[in-house]
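Note sheet for the following structure.
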Amino acid sequence: MLKFERIIVGVLRTNCYIIYDESSGQGVIIDPGGEPSKIIKVLNKIDVEIKYIIATHGHFDHVLGVTALKEYTNSKFVIHKADIEIMEHSRIWAPQEWNPPEPDIILNTECTITVTDTLKLSILHTPGHTPGSICIHVDNKLFTGDTLFKGTIGRTDLPGGSPELILSSLEKIKKFPKNTIILPGHGPSTILEYELKYNPYLH
């Protein structure tokens, strides 16, 4: 059975997610944007072996905890090729001195990351907030990073942002079943059906 935990971390209150296969005890971390000790505490409580740490994009508030968690879990860090430069640039905004982590797996296309036979992550390239933004689809859940929030979308006025590209990315998201649960990088979760009705950017 697949389960997930949400942990709110960092100065920008980023949603960090742990997705895991309860039967095998293996899983992944999405967007550890700070406070690695807080994330480790949850890992120890649920007793999960982390195989991958995945960033939906390269802004500091989604990757600040990667280095400490890589060391603690001996896992592999995954990010899209187009956001490596964004991650390097993001250090100037970080609330502390910080060296961006070295990626172990660099995505350059849409793909599937297999953790176990029952935990398979479909990676969707959704540029717009940043050039290498991705969404992650698991079962009926879509982890949207800063591409789609409840009632709105991510900023496109930061370096690498594009209003045109984010609208194209939203077209990809609109094709998912209406009952898909949207789990964004900040703020509350929502359902795609709700966003299709009330989010002006999806009209």
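The values are calculated or read from the model by the stated rules, or taken from the named source; none is laboratory data. Nothing here was measured: the structure is a model prediction, and the numbers come from that model. Note that we place each Cβ from the backbone using ideal geometry, even for glycine, and neighbour counts take in every protein chain shown. Only protein heavy atoms, including side chains, enter the accessible area calculation; ligands, DNA and RNA are left aside. Shrake-Rupley method; radii C 1.70, N 1.55, O 1.52, S 1.80 Å.
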(request) Please work out the Kirkwood hydrodynamic radius for the range 49-195, using every pair of different C-alpha atoms, and report it in angstroms with one decimal place. (result) 15.5
(request) Have a look at VAL115, VAL66, VAL11 and tell me which one the Gaussian network model of the chain (Cα, springs below 10 Å) gives the largest fluctuation. (result) VAL11
(request) Using the Karplus curve 6.51 cos²θ - 1.76 cosθ + 1.60 with θ = phi - 60°, work out ³J(HN,Hα) for each residue of the range 89-94 in order, rounded to whole Hz, and write x for Gly and Pro. (result) 5, 5, 4, 5, 9, 5
(message) For the range 24-104, take every pair of Cα atoms, bin their distances at 5 Å starting from 0, and report each bin as a whole percent.
(response) 3, 16, 30, 25, 15, 8, 3, 0
(message) Just to be sure I follow: if Rg is taken over the C-alpha atoms of the range 108-183 and Rh is the Kirkwood radius over the same atoms, what is Rg/Rh?
(response) 0.98
(request) State in Å² the accessible area per residue of the chain; use a 1.4 Å probe, count heavy atoms of protein chains only, and round to the nearest integer. (result) 47
(message) Could you sort SER23, SER133, SER168 by their accessible area in this structure, using a 1.4 Å probe and putting the largest first?
(response) SER23, SER168, SER133
(message) Please give the charge dipole size of the chain, origin at the Cα centre, charges +1 on K and R Cβ atoms and -1 on D and E Cβ atoms. Round to the nearest 20 debye.
(response) 500
(request) Would you list which aspartates and glutamates come within 12 Å of LYS175, measuring only between C-alpha atoms, while excluding same-chain residues fewer than 8 positions from it? (result) GLU193
(message) Using a 1.4 Å probe on the protein heavy atoms, what percent of the accessible area of the range 82-168 belongs to carbon and sulfur?
(response) 49
